[in-house]
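Report on the structure given below.
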Amino acid sequence: MTPPDDPNRQPPPSSEDGLTGITSLASAHGALETGRGLVSGVVAFALAVMSLLGVIGFHFPAYLSTPEFRAVYDVTTLRYLMAGGMVLAGSIALVNGVLGRTRWLAAWTFGLLVLALLLGGPTTPIPDFPDDTPYLGLDFLILDLLGSTIVFVLIEKARPLRRDQPVFRAEWQNDLTHFFFNHLVVGFVLLVTNRVVHGGLGWAANDGVAAAIARPPFVVQLFLVVLVADLVQYAAHRAYHEVGFLWRFHAVHHSAKSMDWLAGSRQHILELIATRILVLSPIFLLGFSQRVIDAYVIIVGFQAVFNHCNVNVRLGPLRYVLVTPNFHHWHHSRDTEAVDKNYAAHFAFLDYLFGTAVRADRMWPDRYGVIGDYIPVGFLKQQAFPFIGSTESRERPTLAPESHAWTPPADAE
């Protein structure tokens with residue numbers, strides 16, 4: 001059994017012309033129609049868009065690249081990736097054009113590829129630029145989108161929870177907009193976080209505490225930093241659910257009706273900033289080393305995406321220790337037994353310790369989303385919702401509709 005389709009969704013066009021087709025594709029919220037070249041056409045179009053954005057990033061690295069990211073990646077490798085992406089996009093568009101499938105989308109793809117080549121393509125020289133300039137994380141956006149798509153879509157296809165859920169499912173455009181925005185403003189988020197954490201709390205840092213934290217082996221330090229972060233995150237997450245005004249921000253994240261690698265990107269920007277400040281503050285005050293923090297960032301980045309994935313993973317007895325997709329899917333459930341449960345981000349034992357774990361963890365939830373379904377669809381509407389939402393939704397509902405437990409097929413266990 002699979003969750004019922006959203007009756008209010010609007011399927012994207014299977015055939016349109018020119019700008020009308022692109023506008024309709026971007027504004028619709030339904031799953032893409034298969035068998036007519038639309039899915040492959042969107043993939044090619046996305047590769048063409050990323051290629052063009054990459055070329056623009058090469059021209060203006062001071063303003064369109066992330067300093068922390070620049071220190072890690074190799075530009076030559078990026079050039080080869082761009083060239084490969086452009087060839088793949090052009091090949092898909094050519095095949096669709098010859099077969100007469102979504103020619104309007106193929107034309108857009110070719111147009112973007114030609115523009116990227118005219119601007120220099122993969123061989124675009126990178127000019128010298130000063131440090132400490134305001135920037136948009138365009139490189140972070142492109143590389144994370146490309147890497148996340150490859151890694152997590154493959155994981156979802158290798159062990160799917162809901163086999164008939166398409167990659168381009170309902171409301172994917174909405175979540176992709178959140179993904180774009182959250183990555184582009186990474187510089188602003190880091191600036192605000194650093195100003196608050198380092199500027200406002202620097203006086204409270206203690207060298208003695210930092211020295212004590214640095215004594216244990218690296219693995220112990222890593223466990224401690226993840227535990228500290230998750231304790232703070234648990235408290236903040238619980239407050240987001242139990243305090244009416246805070247819930248209005250967090251409800252945006254819970255409004256996703258489908259769970260996959262992209263669903264976790266749906267988040268209000270103020271919640272994103274507040275949570276980052278709250279979690280990083282004790283990490284900074286305790287004096288964890290940069291090496292330990294870097295490892296923690298990798299862990300939290302992976303778990304944040306993986307635990308929303310459309311993947312059937314429970315990890316046996318380890319599910320009582322670590323947060324898994326099974327554990328976090330229940331947190332997003334509309335079922336009665338899942339209301340205000342499973343708050344932890346990394347260590348599931350915190351919820352068992354504090355009495356907030358869903359006990360029916362041998363089943364998967366059937367339905368996701370906000371009870372009452374009162375969150376509007378659309379990035380700007382969701383950013384505005386906490387301030388101008390309907391009066392009926394100012395208090396978070398505490399009861400859910402009747403539970404409809406759903407168990408995956410035996411071969412998916």
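Just so it is clear, none of the values below were taken in a lab; they were calculated from the coordinates. Nothing here was measured: the structure is a model prediction, and the numbers come from that model. A quick note on method: Cβ atoms are made from the backbone with ideal geometry, for glycine too, and the neighbour counts reach across all protein chains shown.
So the values come out like this:
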item: Computed Rg/Rh of region 326-384, alpha carbon atoms with Kirkwood Rh; result: 1.05
item: Relative intensity, log₁₀ I(q)/I(0), of region 223-353 from a Debye sum that treats every alpha carbon as a point, q = 0.10, 0.18 Å⁻¹; result: -0.30, -1.06
item: Average Cα contact separation per residue, region 196-274, under 8 Å, 6 or more apart, as relative contact order %; result: 16
item: Volume per residue of the C-alpha convex hull in the chain, rounded to whole Å³; result: 161
item: Helical mean residue ellipticity (222 nm; -39500 (n - 2.57) per DSSP H run of 4+; nearest 500) of the chain; result: -17500 deg cm²/dmol
item: Among LEU25, MET86, GLY97 the positive-end extreme of the charge dipole of region 18-135 (Cβ point charges); result: GLY97
item: Column: log10 I(q)/I(0), Debye, Cα scatterers of region 18-135, q = 0.23 Å⁻¹; result: -1.20
item: Mean-position separation - Cα centroids, region 264-283 and region 291-353, in angstrom; result: 17
item: Cα Rg over Rh - region 186-412, Kirkwood; result: 0.98
item: Normalised contact order of region 18-135, rounded percent, pairs of Cα under 8 Å and 6 or more residues apart; result: 43
item: For the chain: relative contact order, % (alpha-carbon pairs under 8 angstrom, 6 or more apart); result: 16
item: Relative counts (whole %) of C-alpha pair distances in region 186-291, using bins that are 10 Å wide; result: 13, 36, 34, 15, 2
